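For reference, the structure is listed below as structure tokens.
Coordinate-derived values only; no laboratory data. All figures in this text were calculated on a predicted structure; none of them were measured in a lab. Cβ coordinates were reconstructed from backbone atoms using ideal geometry, including for glycine residues, and neighbour counts include every protein chain displayed.
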Amino acid sequence: MASETIFALSTAPGQAGVAVIRISGSKAKVVLEEMSSSFPEPRVAALIKLFDPEDKAELDRCLALWFPGPGSFTGEDVVELHLHGGRAVVDGTIEALAKLPNFRPAEAGEFTRRAFDNDKLDLTEVEGLSDLIAAETEAQRKQAIRQMDGELSKLVEGWRDRLVRMLAYLEAEIDFPDEELEEGISTQVKHNIEQLKSDIKHHLDDSHRGERLRNGIKIAIVGPPNAGKSSLLNALARREVAIVSDVAGTTRDIIEVHLDLSGYPVIVSDTAGLREIEENTTDGIELEGIRRAKLHAESADLCLAVFDIEDRDNFDQETLKLLDKTSNFVVINKCDKTEENPSIPVSDFDVTKISTKSGEGIDSLLEKLNTWVISNMGQSGSSSGITRQRHRSALIECLDSLGRSLETDLPELCAEDLRLATRYLGRITGKVDVEELLDVIFRDFCIGK
Ligand SMILES: Nc1nc2c(ncn2[C@@H]2O[C@H](COP(=O)(O)OP(=O)(O)OP(=O)(O)O)[C@@H](O)[C@H]2O)c(=O)[nH]1
Ligand SMILES: [Mg+2]
């Protein structure tokens, strides 16, 4: 049990209407006894005068809230001060709090860490809270709230319960080998293991939707130099993010913009123009740009290949080689340059004709992207609940153990593998063996959370 009382500004730093300072720990009530004009009722906001504990100088007139533990966010005694959000008020209050014995500023994520230590939240709920604070789009918010509400935790705990029950059967078989227990216990256990394996597999087989929603769906703009890739990025972003020029090979680095398409976070990146240049070229920078562009295209969820309409009889082979016909879009740019509507010789692809100069076709391209994102990510309610590689790795390890448990006829060995499988599931919610993981997870939090 943490003995020190911690405090921190929980709202963003800087000038604001209101700033909230949170205090948690066994001595939290000292703030209300030594620094406040009155002691509020539990969980009822009270207007108080706040004083420096030493010289009694008035710091602010503010709202104070008193949450006696364990019915608080951290499970400890908590005080919240809703101050006027000026820098001097906040700094003065922080300095005053530091004067109280056994008080110290909180470290990043320390409030949530205490909530976890006091069983207020499990690890998946902690992660959900962290994601909610970081959420930038509606779908991210919904996913984070579901996780914070314990959706993943309930799923994993359900699997763990099933495993524990199987283990109990097996233990009975081990402890009473001569007794005629129910006929065919092992067959039943093996059947249950198979069933659990297939349930977990089903959740893993989700095209990484939860992780992609958390991290952003990646769309790469690729194509030969001068096709108008940077112009397209600017048109999609509706601002001048990338440099546009008629010099072939203008873009060298990857330039990214974040878009919100139908509530989903999308990261669109502009890349260096692809062309064949000799390995021993003097322009090592362009070569590196092309190498990065190709790598980026390979790891993207979707490529938009941009070509100049005037090159229609000879589309760049380097770019075409990168494309997969079923999952990539071809964009023909500079359509303002031709009067007629020429046919485009890439019939297998989904082709959109645009002009970043006149704006023609940009809306219909955006519409296609929106449709693609929605069909690719599924309805936001259909997520598998897996939102991090950490969850995925633990489930894969769990599946391996379940697989091994089926390979033996000895109940002792089978039980050992099931025990391992249980531990891997426990790692997801933080029930076992997670000390080394905790620092990594709580480090993602800001001070004051
Ligand atoms: N006429 C016309 N010109 C365009 C259009 N889009 C881009 N351009 C011009 O084409 C040239 C190249 O545009 P960029 O957007 O820099 O092309 P890029 O593909 O990013 O080129 P690199 O970065 O060199 O690979 C610039 O001079 C743009 O003004 C268009 O729709 N119509
Ligand atoms: Mg460019």
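So here's what we get for this one:
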{"quantity": "Selection from Ser24, Ser198, Pro13 lying farthest towards where the dipole of the chain points positive, charges on Cβ", "calculated": "Pro13"}
{"quantity": "Estimated dipole of region 213-380 in Debye, rounded to 20 [Cβ of Lys and Arg +1, of Asp and Glu -1, Cα centre]", "calculated": "560 debye"}
{"quantity": "Charge dipole magnitude, Cβ of K and R +1, D and E -1 - region 5-117, Cα centre, debye nearest 20", "calculated": "180 debye"}
{"quantity": "Distant-in-sequence amide H partners of Val331 (H built 1.01 Å from N, under 5 Å)", "calculated": "Ala305, Val306, Phe307, Thr352"}
{"quantity": "q = 0.15, 0.16 Å⁻¹: log10 I(q)/I(0) that the Debye formula gives for region 213-380, counting C-alpha atoms only", "calculated": "-0.79, -0.90"}
{"quantity": "Region 72-170: C-alpha gyration tensor shape, a/c 1.5 cut-off, then a/b vs b/c", "calculated": "oblate"}
{"quantity": "Derived scalar couplings ³J(HN,Hα) [region 365-370; Karplus, 6.51 cos²θ - 1.76 cosθ + 1.60; whole Hz; x for Gly, Pro]", "calculated": "5, 4, 4, 4, 5, 4"}
{"quantity": "Overall form of the chain per C-alpha gyration tensor (a/c, 1.5; a/b vs b/c)", "calculated": "oblate"}
{"quantity": "Mean residue ellipticity (222 nm) of the chain, computed from DSSP H runs ≥ 4 via -39,500 (n - 2.57), nearest 500", "calculated": "-13500 deg cm²/dmol"}
{"quantity": "Among beta bridges that DSSP assigns inside the chain, antiparallel share in %, nearest 5", "calculated": "60 percent"}
{"quantity": "Nearest-ten-degree value, helix 151-175 long axis tilted from longest Cα axis of the chain", "calculated": "70 degrees"}
{"quantity": "Dipole magnitude of the chain about its Cα centre (Cβ charges: Lys, Arg +1; Asp, Glu -1), debye to nearest 20", "calculated": "1420 debye"}
{"quantity": "Degrees between helix 389-405 axis and first principal axis of the chain (Cα, 0 to 90, nearest 10)", "calculated": "80 degrees"}
{"quantity": "Of all DSSP beta bridges in region 213-380, antiparallel share, percent nearest 5", "calculated": "30 percent"}
{"quantity": "Crossing angle, helix 411-429 versus the chain [Cα axis fit, 0-90 degrees, rounded to tens]", "calculated": "80 degrees"}
{"quantity": "Global geometry of region 5-117, whether rounded, prolate or oblate, following the gyration tensor of its Cα atoms and the 1.5 cut on a/c", "calculated": "rounded"}
{"quantity": "Highest average packing first - 96-104, 127-135, 18-26, Cβ atoms within 10 Å", "calculated": "18-26, 127-135, 96-104"}
{"quantity": "Label-point separation, Thr187 to Thr408 (7 Å along Cα→Cβ), nm", "calculated": "2.3 nm"}
{"quantity": "Length gained when the stretch Ala88-Asp336 is fully extended (0.36 nm per residue, less Cα-Cα span)", "calculated": "83.5 nm"}
